[in-house]
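Below you'll find the structure, written out as structure tokens, and then a few comments.
The values are calculated or read from the model by the stated rules, or taken from the named source; none is laboratory data. These numbers come from a predicted model, not from an experiment. Cβ coordinates were reconstructed from backbone atoms using ideal geometry, including for glycine residues, and neighbour counts include every protein chain displayed.
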Amino acid sequence: MMQSLVLDFVTNATIRGVTLLNSKFFHLNIFQCKNVLIEKVNITAPGNSPNTDGIHIGDSSNITISATTIATGDDCISIGPGTKTVRVHGVRCGPGHGISVGSLGRYKDEKDVEDVVVSNCTLRGTTNGLRIKSYEDSKSQLKATKFVYDGVTMDNVSYPIIIDQKYCPNNICSKSGSSKVTVADIIFKNIVGTSATPEAVTLNCANNLPCQGVQLHNVNVKYAGKGNTTIAVCNNVHGKTSNVAKELACL
């Protein structure tokens, strides 16, 4: 697997004004780094190209992504275990799989993900919008906590807001597994636009470990298709809503 640009064990780096085009795998992979600024970067690959994540971050801290455009066949930005203090601002994403945290809990000894702020971003034609995903039978005990998503515009996004604690791709895990991943203190605010499916909000948390402190404020994302039936699906989640389209106020 070839990655276009890899930063491993780097402290104090700036990547500015470069274009990453048609990587065979992740375009930019950041591992065990501190204090990295990614600014005015363009990342482009076909929407049907597999595993061509734009920017993947793992076990890193103080990572800022600003004024960047990402169009790929997988996550525009994926934030993996052990990552803390991430700022994503002014990013345009699409096509791709959106801005994702996870998958979490697949391997033993994974560390927490904490303090993520995504602001003033636009997602266009992506399969997911803002997503947090963890394995149903997670192997490690960790937390995903203190996330703020603020000022995000969705344009024809299939699943705009999604927390999935029952992630189990290709049936590789036990469906009856009990989660060890705590998802808590997640705020979605000022999220507007259109959904390509009726399911504009999906909060599917673990039976044994419900999501806590999930908040939706000023969220108005509507299904753009025929019938205009916008829905929210909420399972095992605790939190509150304010000024949210009534179809989405399931907390």
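Among the residues in the stretch 5-22, are any surrounded by fewer than 16 Cβ atoms within 10 Å (Cβ to Cβ), over 22 Å from V157 (Cβ atoms) and of a type in the set (K, R)? The answer is yes, given that some residue of the stretch 5-22 is surrounded by fewer than 16 Cβ atoms within 10 Å (Cβ to Cβ), over 22 Å from V157 (Cβ atoms) and of a type in the set (K, R). The set of residues from the stretch 163-184 being among the hydrophobic types (A, V, I, L, M, F, W, C), modelled with pLDDT of 75 or more and farther than 18 Å from L251 by Cβ comprises C168, V181. Give the residues of the stretch 82-94 that are in a loop (DSSP other than H, G, I, E, B) and more than 14 Å from the chain's Cα centre (by Cα), sorted by residue number. Once the filter is applied, which keeps residues that are in a loop (DSSP other than H, G, I, E, B) and more than 14 Å from the chain's Cα centre (by Cα), the stretch 82-94 yields G82, G90. Can you spot a residue in the stretch 172-181 that is assigned to a strand (DSSP E or B), crowded, with 17+ Cβ neighbours inside 10 Å and either out of contact with any Asp or Glu (no Cβ under 8 Å at 6 or more places or on another chain) or of a type in the set (S, T, Y) (or both)? Looking for residues that are assigned to a strand (DSSP E or B), crowded, with 17+ Cβ neighbours inside 10 Å and either out of contact with any Asp or Glu (no Cβ under 8 Å at 6 or more places or on another chain) or of a type in the set (S, T, Y) (or both), one finds at least one in the stretch 172-181, hence yes.
For the stretch 101-153, a residue qualifies if it is outside any strand (DSSP E or B), within 12 Å of the chain's Cα centre (by Cα) and surrounded by 23 or more Cβ atoms within 10 Å (Cβ to Cβ), and exactly one does: T126.
Note on the stretch 21-57: residues that are within 21 Å of the chain's Cα centre (by Cα), farther than 23 Å from K111 by Cβ and in a strand (DSSP E or B) total 4. For N228, state whether it is over 23 Å from G94 (Cα atoms) and free of Cβ contacts under 8 Å to residues at least 24 places away in the same chain. Taking the combined requirement at face value, the residue satisfies it.
Residue under question is S78, and the condition is that it be crowded, with 17+ Cβ neighbours inside 10 Å, more than 21 Å from D150 (Cβ to Cβ) and polar (S, T, N, Q); does it hold? No: the conditions fail for S78. Of (1) assigned to a strand (DSSP E or B); (2) under 15 Å from the mean Cα position of the chain (by Cα); (3) within 27 Å of S49 (Cα to Cα); (4) not acidic (D, E), N156 satisfies all except one. Which? All conditions pass for N156, except number (2).
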